[in-house]
Amino acid sequence: MALLPEVKKYYGKQKFLINGEWMESRSSIIHPNTNPANDETISELPEATKEEARAAVEAAHRAFKDWRDVPMRDRARLLFNMRAKFEEHFEELSRILVQDHGRTIDEARGSVRRVIENIESACSALYGLAKRNEHMDQVAEGIDQYLIWEPLGVFLIITPGNIPMHAWSSFVPYGLAAGCSMVISPSRQCPVASEAITKVAQETGFPPGVLNLIHGGRTINKYILSQPEIKGVGFIGSNRAGHELFELCGKLKKTSSINGNGKNHVVIMPDADLDQGIQWLLRACFGMSGQRCLGVDNVVIIGPIYDEVKRRFKEAASKMKLGYGLDTETELGPMTTQAGKEKVLDWIEKSLAEGAKMVLDGRTVKVKDYPKGYFLGPTILEEVNVDMSMAKEEAFGPVAALIRGESLDQAIEWINTKTNLGHTACIMTRDGRIARKFIREVNVGNVGVNVGVAQPYAFFPLGSRRESFVGTAKSRMASMKLFMDEKTVVVRWV
């Protein structure tokens, strides 16, 4: 065992970034924030007041007036410098993410790498703006016409507890590239990670007020979105909270990118490579302790290979090592919060009551040296049918439901009709015709072939559909459409 050292044991009371200064909150509401591996408090989290939220909005609004006029090459230089800062702090950020969230160190390093890729993608998007500005002369007698893109203004960015850094980078670098300023309001589940990533970004030298960070909640987020200076919101989180914000955006006539819950499937065909496929399943179902919107709950097994898949999957999952993510041998970390663990336990109990049967039970797992951690072991259920509520509701934990299927057409119909969510669907097969049919017919926004998680790289949008996404622009590369609007200019000089 190699246990990596923590960056800090205790991070103190979290601060807010307003107008370029890190300041103490005046809030009387303080939440403890714990390390999920050992239940020890690692920071104290104040909940922002309306006055503090308003100050952040005003700072961002003042900063936007000058930031939008910063030349493109200078914005690009700052973004390239920000990329270098994240490379410099790569390991520190990774370890903080483990300590605050609970994932393994390899998963954390992968997440920070995704952040850097998003910054690179934002640089590419910035230079791509030049190609999007179209000009045509003499469209009519003596008249020229051209199209330009302009930044909209100040945006609210709300990040979730499961991917606090990756979600930050799905919006913030692109907003900066576009010339917008931001108020960032992260989930209270991982405030240390959210503060750390903003501090690294601020080291780059962005003007005061371009980036602002407060720690609020649902009420504060709605208050910020209601402010007249705010032009829209970028959100990743639950459908409940996201759809409330989307409804508010409609009333206020503001733009939005709302990314919510998922209920994702992997379909395993009889010709699948199970040696590789089982490893893909482990990552898909149990990676990040199942707390990922693109992860998998439903495993649909077609034809006579059901028993073989179940045997192999159970054997591999039962060997996964649980522990603190800073132990380099750990394969499965704890849930991020005790409340999250309780929700998954309730989901499992409800599933058993509906008729599901236990294949591998991870509910009572004990982890040596970490008796107070929020651990759940890999859990596999079977005798699940697609009309059960458990086959339609996201578990958001290390749980897999095995479903017997008869044909590819049946699996596609289930994915398209038995849930109203549309993040991802994956298929394991060696047959290109089967894969092509699946890609064309399945109604989700992110499709995978011979992968467990259909995770787009930064330079592709997160293409989710149905109730998993609502809004005017997808996240990542596509979020440039969130932060900017078109202006068509018609000119006569002769």
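Throughout, read-outs are computed from the coordinates displayed, never taken from laboratory work. Quantities reported herein were computed from a predicted structural model and do not represent experimental measurements. Ideal geometry is used to build each Cβ from the backbone, glycine not excepted, and the neighbour counts take in all protein chains shown.
If both residues of a DSSP beta bridge must be in the stretch 265-449, then about 10% of such bridges are antiparallel. At an R0 of 41 angstrom, the distance between the Cβ atoms of Glu44 and Arg404 translates into a FRET efficiency of 0.25. Helices assigned as whole DSSP H runs in the chain whose Cα atoms extend at least 27 Å along their own long axis and whose mean Kyte-Doolittle hydropathy is 1.6 or higher are not found.
Near Ile143: Cβ cut-off under 11 Å, other residues only, Lys/Arg at +1 and Asp/Glu at -1. The net charge is -2. To check you understand DSSP bridge types, tell me what percent of the beta bridges within the chain (both residues inside) are antiparallel, rounded to 5. Beta bridges within the chain, antiparallel portion: roughly 45 percent.
Extension gain for Val489-Asp271 works out to 72.8 nm (0.36 nm per residue, less the C-alpha to C-alpha distance). The residues Thr104, Thr364, Thr379, when put in order of fewest to most other Cβ atoms within 10 Å, stand as Thr364, Thr104, Thr379. Only beta bridges with both residues in the stretch 344-477 are counted; by DSSP, about 45 percent of them are antiparallel. Placing a label point 7 Å from the Cα of Ile29 along the Cα-to-Cβ direction, the residues of the stretch 174-218 whose backbone N falls under 13 Å of that point are 188, 215-218. Under 5 Å between amide hydrogens, built in the peptide plane, is the criterion, and for Val449 it picks out Ile427 among residues at least 5 positions away or on other chains.
Note on the stretch 1-136: semi-axes of the ellipsoid equivalent to its C-alpha gyration tensor, largest first and rounded to whole Å, are 33, 25, 11.
Taken as Cα centroids, the stretch 315-377 and the stretch 154-200 sit 29 Å apart, rounded to the nearest whole angstrom.
Here Asp100, Asp307 are placed in order of increasing Cβ neighbour count within 10 Å, fewest first, which gives Asp307, Asp100. Going from the fewest other Cβ atoms within 10 Å to the most, the residues Ser256, Ser479, Ser27 appear in the order Ser27, Ser256, Ser479.
Leu4 versus Thr417, label points 7 Å from Cα toward the beta carbon: distance in nm? Computed distance between label sites Leu4 and Thr417 equals 4.7 nm.
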